[in-house]
Amino acid sequence: MADAPTALTSPARKRYRNPMEKPKDNKSMLDKIRRTLLAIPADKVRAPTMPIDVYVGEVLSTLAAARTHRPRFEAINFPEKWFAQAEDGAQALIEAQAHWRASREAGRSPAFRDLVARARALRAELLATAGYAFRNDQAMQKRLSAIREGRTTADLAQDLSDLAALYDDNRPAFEAVGYDLAICDQVLAMREELLKAHAVAAADNAAAQTSMSDAKRVRNRAFTWVDEALAEIRGAGLYVLRNENRPDWLAAFRSRYVVERKRRSRANKTGATAPPTATKTNGTPPD
């Protein structure tokens, strides 16, 4: 039997509200459910497994699919609370991510942010050129894929060092596509500048770091909470549609991001070429 209505699961409550919409009252969804999030056991909290905008998009598409098959969910007495939790959780996650980004930027000077932006742009340019220069070299493509996984400022500095070494060790390949190898010196200089600036920022912004850590913990709790609901909805969707010969219906209850990552992993193992996918926001993977 479905759970009894609560403040979150009242039948009168509008279903499938777009989490991107601002709430009508002045209290944010994150504030409304903060106590619930803080009550999640620490050992159950998980970090996001994909960019937040991509993840929220998957929550919305899953809710839309569930709405299409709503009678099937009702037939198995699927608890209404999971729909409410997915909706509210998605909104809270958007807000928590915004707070975390704001706290992260608060601990960085404009000059440091500009340096990181320039370093990321240079990294993206180097990766693009290397990707083309070694387009038929599967081993090198795997090496580049590993570099693309970098997330933090320290990773960014290491990526620049790795790319400079790669360019220096493979000069003929880059000269063949008309690339100016003098840029290697610029890359290494920017790496050193980035490491120094990062060390200064970390030392001068202990309070900001604490605030950032707190915001990140809340963000992770919001993700954990909404992901619990999403898993329940997807599990029910796959169950009620198990006998339907409609792969597109079933696909709506699976993570497109995870499916694509697995496909690319298999392609790398078998030596097939896997085209890049747009899974990052502004060229930056989730922190």
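Take the range 147-174 and flag every residue that is hydroxyl-bearing (Ser, Thr, Tyr) and either more than 16 Å from Ala117 (Cβ to Cβ) or part of a helix (DSSP H, G or I) (or both). Before the answer, list the steps.
From the range 147-174, those hydroxyl-bearing (Ser, Thr, Tyr) are 152-153, 161, 167; that's our starting set.
Selection gives Thr153, Ser161, Tyr167.
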Screening Glu74, Glu80 for residues that are more than 25 Å from the chain's Cα centre (by Cα), in the same structural domain as Phe253 (by TED's automatic domain parsing) and crowded, with 20+ Cβ neighbours inside 10 Å leaves only Glu80
For the structure I just gave you, tell me whether Ile183 is surrounded by 15 or more Cβ atoms within 10 Å (Cβ to Cβ), more than 29 Å from the chain's Cα centre (by Cα), under 27 Å from Ala197 (Cβ atoms) and of a type in the set (A, V, I, L, M). yes
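Is it true that Ala90 is out of contact with any Phe, Trp or Tyr (no Cβ under 8 Å at 6 or more places or on another chain) and surrounded by fewer than 19 Cβ atoms within 10 Å (Cβ to Cβ)? First the steps, then the outcome.
Values: out of contact with any Phe, Trp or Tyr (no Cβ under 8 Å at 6 or more places or on another chain): yes; surrounded by fewer than 19 Cβ atoms within 10 Å (Cβ to Cβ): no.
Against the criterion (out of contact with any Phe, Trp or Tyr (no Cβ under 8 Å at 6 or more places or on another chain) and surrounded by fewer than 19 Cβ atoms within 10 Å (Cβ to Cβ)), Ala90 does not qualify.
Being in a helix (DSSP H, G or I), touching a residue at least 12 places away in the same chain (Cβ under 8 Å) and either under 11 Å from Phe253 (Cα atoms) or not aliphatic (A, V, I, L, M) (or both) is the filter here, so list the residues in the range 50-59 that pass it.
Narrowing the range 50-59 to residues in a helix (DSSP H, G or I): 52-59.
If we keep only those that are touching a residue at least 12 places away in the same chain (Cβ under 8 Å) too, we end up with 52-56, 58-59.
Across the range 50-59, the qualifying residues are Asp53, Tyr55, Glu58, Val59.
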Of those in the range 95-104 that are of a type in the set (A, V, I, L, M) and surrounded by fewer than 23 Cβ atoms within 10 Å (Cβ to Cβ), the residue nearest to the chain's Cα centre (by Cα) is Ala98
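The values are calculated or read from the model by the stated rules, or taken from the named source; none is laboratory data. Since we're looking at a predicted model, the values are computed, not measured. For neighbour counting, all protein chains shown are included, and Cβ atoms are generated from backbone atoms with ideal geometry for every residue, glycine included.
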